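Below you'll find the structure, written out as structure tokens, and then a few comments.
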Amino acid sequence: MRRILMALTMLVVAALIGTACGGSTSRTPTSPAPLEESGAILNSEGVRDLDPSLQSTVEWAQRFTYHSRSGVNDSGTHVTAILLVPKGSPPDGGWRIVAFGHPATGILPGCGPSTSPTLLGSADTVKQLLQAGFAVVVSDYQGLGSLDKTHDQPDLDTYHPYLDSMTAGYNLINAVRAARKLFDKANTPSSTSWLAFGMGQGGQAAWAADELAGNEGWNLTLLGAVAISPVADITGLADAAAAGTLNTQQELDLIAFLAGLKSSYPRDFNLDDYRSGIVAQKWDALLACDPAGLEARSAIAAQITPDDLRPKSPAALETLRGFLKKVSLPQGPTQAPMLVIYGDQDPLVPAAWTDLAVNNACAAGAVITIRRLPADAPDKFDMTEALDWMNQRVNSVPAPNDCEGRNP
């Protein structure tokens with residue numbers, strides 16, 4: 001599974017090169033966003049520059065900007081996305097939409113996959129979803145679209161709160177709502193039933209969307225969520241940073257998380273409590289996702305020492321634990337069955353951390369089909385089981401529940 005995840009990371013990097021504790025832990029927002037705003041389309045345009053292999057499965061596609069909401073402060077946000085519709089006629093009841101949660105692609109404006117012909121390495125997975133008969137909407141997540149699309153009002157948050165699970169969950173749900181408006185505009189039927197599917201950061205987004213669907217997903221029916229290598233429980237990153245045991249992938253993800261915290265809580269979060277040495281000196285370079293910056297970022301990452309990311313006081317360590325707990329999953333009960341696939345060698349999230357998240361979700365009453373892959377799993381992830389599981393949800397087959405008898 002480590003090789004699967006590392007291969008996925010390399011695809012993202014290659015695609016980029018080829019394209020030019022604070023707050024409450026509750027997942028219940030203080031006041032729902034107005035119905036007329038969630039998923040509202042702000043602009044849209046046809047897509048004609050997809051990779052030929054992906055284009056071969058697409059009848060039509062639209063890039064668009066839509067209204068969503070922040071999980072940090074509940075404010076409205078503008079998020080970019082792409083909708084891809086498969087060739088052929090829609091099934092009875094209209095096209096069922098899969099909200100695809102993409103793996104991590106960066107944290108800066110312009111780092112999202114929607115403008116990439118290959119979706120920054122996710123094209124093959126999306127193609128298989130299209131071939132299975134699903135329409136697919138890919139959200140860039142808050143802050144990853146270009147500023148000319150997302151910052152048309154001065155008071156909008158345009159930063160990316162990396163690994164904020166609630167924000168990503170909202171982004172997926174509202175992308176589905178927006179996609180249905182595009183179908184209406186095209187006089188093409190779409191179903192109110194939908195599924196979430198995600199990998200890595202996107203697995204976190206799919207899981208969070210399942211938890212939020214009962215509140216944010218009004219007038220929609222979530223059939224199920226597939227979370228592959230989800231970034232679920234990451235509270236262990238704080239103690240690993242304090243102990244100096246972070247691996248390179250964890251270092252880079254913690255840096256991105258810290259940057260998101262500073263953007264989310266600019267007055268309350270002291271970034272310099274968590275960065276020293278080369279991390280402090282080369283901070284901006286370590287956040288790069290543009291082609292020119294990727295090689296330099298890798299070279300800098302190789303020079304990071306344990307002290308460079310060690311919290312500077314017990315109070316700072318406790319604060320970091322709190323922020324990580326705030327975004328970790330589960331945060332509440334799920335609304336639909338889940339398929340969770342993860343492995344023993346995930347470079348960011350050890351399997352024991354995901355075991356804990358799954359156990360806690362099971363204890364909260366979730367229905368989960370659990371697949372823990374061995375360390376020698378094939379390099380290329382096999383979509384067969386995930387697609388079969390999704391089709392069973394479409395056909396109203398009860399989901400296998402591996403939570404039964406599982407100890408928390």
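A compact table of results
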read-out: Charge-dipole axis of segment 235-307 as Lys and Arg at +1 and Asp and Glu at -1 on Cβ define it, positive-most pick from GLN250, THR305, LEU286; value: LEU286
read-out: Charge dipole (debye, nearest 20) of segment 238-325; +1 at Cβ of Lys and Arg, -1 at Cβ of Asp and Glu; value: 160 debye
read-out: Amide H contacts under 5 Å for SER191, placed H, 5+ residues apart; value: TRP95, ARG96, ILE97
read-out: The chain - mean residue ellipticity at 222 nm from DSSP helices (-39,500 (n - 2.57) per run, n ≥ 4, rounded to 500); value: -11500 deg cm²/dmol
read-out: Exposure proxy order (Cβ contacts within 10 Å, fewest to most) of LEU147, LEU246, LEU195; value: LEU147, LEU246, LEU195
read-out: Largest-first principal axis extents, alpha carbons of segment 238-325, Å; value: 37, 27, 21
read-out: For segment 35-131, average projected area of the Cα convex hull in nm²; value: 7.3 nm²
read-out: Of all DSSP beta bridges in the chain, antiparallel share, percent nearest 5; value: 45 percent
read-out: Residue order, fewest to most beta carbons within 10 Å, for ARG63, ARG180; value: ARG63, ARG180
read-out: Spread of Cα-to-Cα distances over 10 Å intervals beginning at zero, given as percent, for the chain; value: 5, 24, 36, 26, 8, 1, 0
read-out: Dipole magnitude (debye, nearest 20) for the chain, charges at Cβ of Lys, Arg, Asp, Glu; value: 280 debye
read-out: In sequence order, calculated HN-Hα J values of segment 123-130 (Karplus, 6.51, -1.76, 1.60; Hz; x Gly/Pro); value: 4, 5, 5, 5, 4, 5, 5, 5
read-out: Stretch gain in nm, segment ASP92-ALA299, where the contour uses 0.36 nm per residue and the Cα spacing is subtracted; value: 69.2 nm
read-out: For TRP60, distant residues with modelled amide H under 5 Å away; value: VAL85
read-out: Estimated vicinal HN-Hα couplings, Hz - segment 206-220 in sequence order (Karplus 6.51, -1.76, 1.60; Gly, Pro = x); value: 5, 4, 4, 4, 5, 5, 8, 4, x, 9, 8, x, 4, 6, 10
read-out: For segment 159-168, 3J(HN,Hα) per residue [Karplus equation, 6.51 cos²θ - 1.76 cosθ + 1.60, θ = phi - 60°, Hz, x = Gly/Pro]; value: 7, 9, x, 4, 6, 7, 5, 5, 4, 5
read-out: Relative contact order (%) - segment 238-325, alpha-carbon pairs under 8 angstrom, separation at least six; value: 44 percent
read-out: Which of ILE82, ILE41 has the fewest Cβ neighbours within 10 Å, and the rest in rising order; value: ILE41, ILE82
read-out: Under-5 Å amide H pairs with MET338, H placed in peptide plane, nonlocal only; value: ALA225, VAL367, ILE368, THR369
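Where a number appears in this text, it was derived from the coordinates with a stated rule and is not lab data. Keep in mind the model is a prediction, meaning the values are calculated, not measured. For neighbour counting, all protein chains shown are included, and Cβ atoms are generated from backbone atoms with ideal geometry for every residue, glycine included.
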